[in-house]
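One structure is given below, encoded as structure tokens.
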Amino acid sequence: MNQISKWSSLALSTTLVAGLLAGCGSNNNNDGNTASPDSGNNTGTESAAPEDTSPLTLTYYSEDPSPNWANMQDEIGKNLTEKTGITLDAEFAVGDAVQKSSLIAASGEYPDLISAKQSIAKFVDAGAVLDLTDLIDKHAPNLKKLFEGQMSRLKYNDEDQAIYVIPSYNGIGQTSFNAGGGFELQHRVVKELGYPQIRTVKDFEKAIKDYLALHPKDENGNPNIGLTLNADDWHMYISVTNPAFATTGGSDDGEFYIDIDTQEVTYHFRRPEEKEYFKWLNHMNAEGLLDPESFVQKYDQYKAKIASGRVLGLIDQDWDYGDGEKALKAEGKFDYGYGHYPVTMSEEFKETSFWPTGFMAGSGVAISVDNPDPVRTIKFLDYLASDEGQVLMNWGIEGKHYNVVDGKRVIPQEVNDRKINDATNFTKETGIGLYNLLSGHYGDGVKDPSGNYYTTNFPEQIVAGFNDVEKEVLKAYKATTWKDLFPKEEEFKVKPWGAAWNIPVPGDSEAVVIEKKLTDITWKRIPEAILAKPADFDKIWDAYQQELVKADVEKAESIREDLVKARVKLWNE
């Protein structure tokens, strides 16, 4: 059986099994190269496309979904194949990505390229992936240039210093210029209420309650919804549980809170501060301000509800709810779009969306032991990391998706309008933004040798993408972008371990089994506590905490603490 059909059969059976079993920004202030601009598209890359461009199909598996993937038949995909000869036969995780990765790792038959965010340790333990150290050194000048000064962070761990992945989930030199998370309110809400302060959960709650008192129903007579949550499968992390630490001064370290000074690790749900967050959600439910379908609706239903325009408030990330908001914008309902606010439990806490991690490795793309041509593959990944490849993937094709005017890349207005208001179709047709997870890349805010930004996420372009309603609301809050409302990176200490969720856990570690038990308990108890009668909340919470202790939460904390301290040692050698 050839490699492609072998992988396709495996992917199909894995999807079926997973379906039966499943229930589930790095900020580095590097200004980049700011050399004098040249023609705008001659970026001075060391090498362009690989010399061998004969047809080669590689199988590719990614833990991250890519709903707009068009089998490389989009404009960027065709261009990449033309320049490199390589086509990807791709498969993306659906449902529980960790479970699917476990099945693939255990199968003994591997896709040629593996993009793993949470499960790279499973593939390493299975002997499924190659050490890329020599391949990068001999065949990848652009990757060496990209990771210059950061190569120690590419090593797997202190005992095994091989390089198994090319980090792709975080851009080198990343500077975030806008906020996409926090708590969201429709623009019509804050406009009608005279742009009230939205700083604490009480402010957020009051805005929803006051607006519902004025407008209990929409123009069609359907009831408006105060706040809805997305608890379908892994979205539970994003919309339900992660906000508990973000609103109480904790940074994003997965399921753990880590003291920035002592590196002491705590399962974050054991913090008293977070109990108060979930008690507030319980209060919102009791007040009728929380959508009663929050814990039973599916993801598509959640997005459809947002697209109806009836949902006043969200606690989510824009990439998670964006399809629903885009549908509203496509109808010209810009007042029904959402602003981002740095909400915390009280003003004593800082919202932590922009807590800096430094450059994070650990998650990215690996080359499997079944890959038919590792040298050709690393050269393909190296081309994607080149200046030419970066501009192609982020900006598109010169003359079609952007023009060069006086040495600067400029997106025509009609292209920008489509990119914003018809984003799904635009992405499927062009492929712009679809290929970044395939290789290492520069982050927002970094300039190439021509003096242009590698990505299109820079202040002027971000503001150009705002509609008039967004600009009106931002102006009322004395802000240019949503990030202006949030605490800045410099208000926090840089985390020397990056992020705990990014640290591989050995497959034979006790933590794997213990943490699965903890998640199962948490995902049962948190919804139960939120939906309970307020008088029963403390009793349910206390029982939840006792269950965590019985499930060896303290041992999981100890193992994680050892891993964190080992990461700090490795990255500072």
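Bear in mind these aren't lab numbers, they're just calculated from the coordinates by the rules spelled out. These numbers come from a predicted model, not from an experiment. As a convention, Cβ positions derive from the backbone with ideal geometry for all residues, glycine included, and neighbour counts pool all protein chains shown.
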Inset, instruction - Could I have the simple spin-label model distance between ASP484 and ASP52, label points 7 Å from Cα toward Cβ, reported in nm to one decimal? - result: 5.3 nm
Legend entry - Diffusion constant of the stretch 450-536 at 37 °C, which comes from Stokes-Einstein with the Kirkwood Cα-pair radius and 0.692 mPa s, µm²/s: 176 µm²/s
Legend entry - Linear extension gain, LYS524 paired with VAL494, 0.36 nm per residue minus alpha-carbon span: 7.4 nm
Inset, instruction - Any chance you could list the semi-axes, whole Å, largest first, of the equivalent ellipsoid that the Cα gyration tensor gives for the stretch 245-378, using √(5λ)? - result: 32, 27, 15
Inset, instruction - Quote the charge dipole size of the stretch 418-573 about the Cα centre in Debye, to the nearest 20; the model charges only the Cβ of Lys and Arg (+1) and of Asp and Glu (-1). - result: 180 debye
Inset, instruction - Quick one: net charge around TRP501, please, counting Lys, Arg +1 and Asp, Glu -1 for every other residue with C-beta under 10 Å from its C-beta. - result: -2
Inset, instruction - Report the antiparallel proportion of the DSSP beta bridges in the chain as a percent, rounded to a multiple of 5. - result: 55 percent
Inset, instruction - Treating only the Cβ atoms of Lys and Arg (+1) and Asp and Glu (-1) as charged, compute the dipole magnitude of the chain about its Cα centre; round to the nearest 20 debye. - result: 720 debye
Inset, instruction - Mind giving me the FRET efficiency for TRP234 and SER558? R0 is 22 Å, r the Cβ-Cβ distance, nearest 0.05 is fine. - result: 0.25
Legend entry - Semi-axes of the equivalent ellipsoid for the stretch 91-174, Cα gyration tensor, largest first, Å: 24, 15, 12
Legend entry - DSSP-defined beta bridges in the stretch 35-193 - what % are antiparallel, rounded to 5: 0 percent
Inset, instruction - Quick one: net charge around ASP125, please, counting Lys, Arg +1 and Asp, Glu -1 for every other residue with C-beta under 12 Å from its C-beta. - result: -1
Legend entry - Nearest-20 debye value, the stretch 397-504 charge dipole, Cβ charges on Lys, Arg, Asp, Glu: 260 debye
Legend entry - Approximate spin-label separation GLU109-GLU159, in nm, with each point projected 7 Å along Cα-to-Cβ: 3.2 nm
Inset, instruction - Of the listed values (i) 44, 35, 23; (ii) 36, 27, 23; (iii) 37, 30, 23, grab the one calculated as semi-axes √(5λ) of the Cα gyration tensor in Å from the structure here. - result: (iii)
Legend entry - Compactness index (Cα Rg / 2.2 N^0.38 Å), the stretch 191-293: 1.27
